[in-house]
Amino acid sequence: MTNAQYSEDQQQEPTNRRACSILNTQADPALNGLVELAARVSGAPLALISLVEEDRSWSMPEHDAGPSQAMGRDSISEHAILSGGPLVISDTTQDPRTADSDLVIGERAVRFYAGVPLILTTGEAIGALCVTDSKPRNITEDALASLSLLAQQASALLELRRDASRQREARAELRTILDAVPSRIYYKDARNHILNLNRAAAATIGMSIEDIKGRPAGDFFSDLDATAFSHDEAQVLSTGKPKLGIEETHEASDGHRKTISTDKINLRNGRDEFDRLVSIETDITELHDAQDQLALAHKRLELALEGAGQAAWDWDVLTHQVVYSDTWYTMLGYEPNELPMTFDTWESLVHPDDLEPAFAGMDDYLAGNGDIYSSTIRMRCKTGDWRWIRTIGKACRWDEEGSPIRITGMHIDIDAERRLQDKLTQKNAELERFVYTASHDLKSPIVTIMGFASHLIESCESGDVDTALEHAGRISRAGKRMRDCIDDLLRISRIGNAKSSRSRVSLSEVIRDVLDQHQDELTRCQAHVSIELNADTVLCDPIHVQQVIENLVNNALRYGLTHQEPKLTLRSETLHGNQVQISVIDNGTGVERAYAEKIFELFERLSASKDGSGLGLAIVRRFAQLYEGDAWVTDAPGSGAAFHISLPAEVNIDHSNREKAVA
């Protein structure tokens, strides 16, 4: 016998036969009916469906070989499959293809065979519908045509069985996948009935899947939760738009409220209507609690950093992405996240003079020099002021070569410390200048006194009374100059140290008192004095106000009233509602701008030819600063100089007290 040879494509057919779910199964009534009809239309005693593999055959329905039993290799049906059409062998013993077949020479000899291949819609042949007889015979053309039609029906039934099997396997696989998903999945209709659900959803409800299917969702959730769920689902179905990432809470079967993140996705039916949806719920209670704890820890850290005057930053060296803490912003007067979290933001806020050293320090640290990065910089606040910041950082992630690629650090507010340090440096410089100048200014009168004392002795011994009196006068004036210098030094050293009490001080009274004391000097120089007070009261120590007016008038008498027609104006006005500006204005030679600040320093005089300690204006500014004010000089209208000082005003200033007098 010649064995049938399968092509390469035909060798894959056993897989399709198994897919038809025929092998090793009980007979199918529909297929049994087709087989019985095949026997009747052909007149043959036996009809069967033979499914052929490489090394064996399967037949159905029941016959002598048993139900769907393996019969060894059915070489005859193999030839029918290979023929591609009906195969009729009237006498198998006479056909060389079948003469040696076990089915022909065996105990159950097949002498007649007529078969039609079973071909699926894909073109694959999986077996044959055949009729046989134990004695040679023929088959009519009509019977063979009917057998072909029955073979087509058998092929269709087998293919339906295959598809049904695949659907069952797919459903089982999908069920396995859905039940493995920890999220809760509900399949609902427009009435909010649960059509299906996965194992996680059933476990949440506390019932079996079969007991839940088909029932309203309201049977398993509280009225509040069911109403909320139903509202969202109605929106999804009515709008045709899914709602994703809905964060909501519901009461679980154990009585605790859970936080869930829900995706609700609408589905279309065959009429292109949205009448079903899938709800996928993920329990994020632990994540939500962890986020709350993290937010609380973050807030505590922010409060700790704020209390300590510190802020945090995190820098990705490769991407230049930066994360700033809230206090990083508030330290500079900004709202959190008011500026972009970028490296450029930091760079734009650093003082230009500090930027290059800061970059150099960072490059040095990235090169592996040092355990930490540290730099002291000035950063611009929202108000435009500069604030001193110490920034430190340390690498927390490295690349394969050991170079830092992520650095975490802190900003420490050292503004008060740095300004105190600068102030201390300034004070030390002032002290050195103070000691040097004081020793010089005190030494000069002493030298004068000692020199003229010697001359006085000589004059007394010679009896030259007039010369002796002249020398005595010089000694007296030098002593007075020394006393005045010592008094001024004591005054300036006590500013801010001695206790003082604030009270309402009338500027008009103080000014008149000072002018009365200097009436003789003002008369001698024929000065025209004007008093223009738009604000009469300040809240200060009366002694301090007296000293300020005294020093300013003294300064005007000494340097300002040099004009042929000298004028002196004392004026006051309100500044910003909480300060009073006092001005002493002359029409003298004025003050060059280069000396406008210098004259307020210790021991500075406009002219060395004039008497004075050089401390008067320094005392004025110290008193102003004591009251959080200032002292400065400007050009007077026309000519001369205008010296100003700002002092705290009384809470309720009486603007009706406007005095204008001429002395």
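Any idea which residue in region 182-195 is least open to solvent (accessible area, probe 1.4 Å), counting only those that are out of contact with any Ser or Thr (no Cβ under 9 Å at 6 or more places or on another chain) and in a strand (DSSP E or B)? My answer is Ile194. Please work out which one of (1) modelled with pLDDT of 85 or more; (2) within 35 Å of the chain's Cα centre (by Cα) is the condition Ala202 fails and give its number. In the conditions (1) modelled with pLDDT of 85 or more; (2) within 35 Å of the chain's Cα centre (by Cα), Ala202 misses (2) alone. When the helices (runs of 4 or more DSSP H) confined to region 317-400 are screened for residues that are surrounded by fewer than 19 Cβ atoms within 10 Å (Cβ to Cβ), those reaching at least 3 such residues are found at 343-349, 352-366. Do we have any residue at all in region 428-439 that's modelled with pLDDT of 80 or more, part of a helix (DSSP H, G or I) and open to solvent by less than 80 Å² (accessible area, probe 1.4 Å)? Checking region 428-439: not a single residue is modelled with pLDDT of 80 or more, part of a helix (DSSP H, G or I) and open to solvent by less than 80 Å² (accessible area, probe 1.4 Å).
Here is the figure for region 519-546: residues that are assigned to a strand (DSSP E or B), β-branched (Val, Ile, Thr) and open to solvent by less than 20 Å² (accessible area, probe 1.4 Å) total 3.
Asp142 meets each of the listed conditions (1) open to solvent by 50 Å² or more (accessible area, probe 1.4 Å); (2) farther than 23 Å from Val41 by Cβ; (3) of a type outside the set (Gly, Ala, Ser) apart from (2).
Scan region 162-181 for residues that are open to solvent by 50 Å² or more (accessible area, probe 1.4 Å) and in contact (Cβ under 8 Å) with a residue 40 or more places away in the chain and the total you get is 1. Within region 163-185, can one find any residue that is of a type in the set (A, V, I, L, M), at pLDDT below 90 and more than 47 Å from the chain's Cα centre (by Cα)? Yes, the conditions are met somewhere in region 163-185.
State whether the residues of region 269-276 include one that is among the polar types (S, T, N, Q) and farther than 19 Å from Asn192 by Cα.
First, pick out the residues of region 269-276 that are among the polar types (S, T, N, Q): 269.
Filter again for farther than 19 Å from Asn192 by Cα, leaving none.
The answer is no; no qualifying residue exists.
Just one of (1) open to solvent by 20 Å² or more (accessible area, probe 1.4 Å); (2) modelled with pLDDT under 85; (3) not aromatic (Phe, Trp, Tyr) fails for His250. It is (1).
The number of residues in region 604-631 that are open to solvent by 20 Å² or more (accessible area, probe 1.4 Å), modelled with pLDDT under 85 and in a loop (DSSP other than H, G, I, E, B) comes to 9. Within region 590-603, being modelled with pLDDT of 85 or more and not in a loop (DSSP other than H, G, I, E, B) holds for no residue. A residue that is in a helix (DSSP H, G or I) and either polar (S, T, N, Q) or farther than 25 Å from Glu628 by Cβ (or both) occurs nowhere in region 578-589. Residues being at pLDDT 85 or above and in a strand (DSSP E or B) are entirely absent from region 547-565.
The values are calculated or read from the model by the stated rules, or taken from the named source; none is laboratory data. Quick caveat, the model's predicted, so the values are computed rather than measured. For neighbour counting, all protein chains shown are included, and Cβ atoms are generated from backbone atoms with ideal geometry for every residue, glycine included. What goes into the accessible areas is simple: the full protein's heavy atoms, side chains included, and nothing from ligands, DNA or RNA. Shrake-Rupley method; radii C 1.70, N 1.55, O 1.52, S 1.80 Å.
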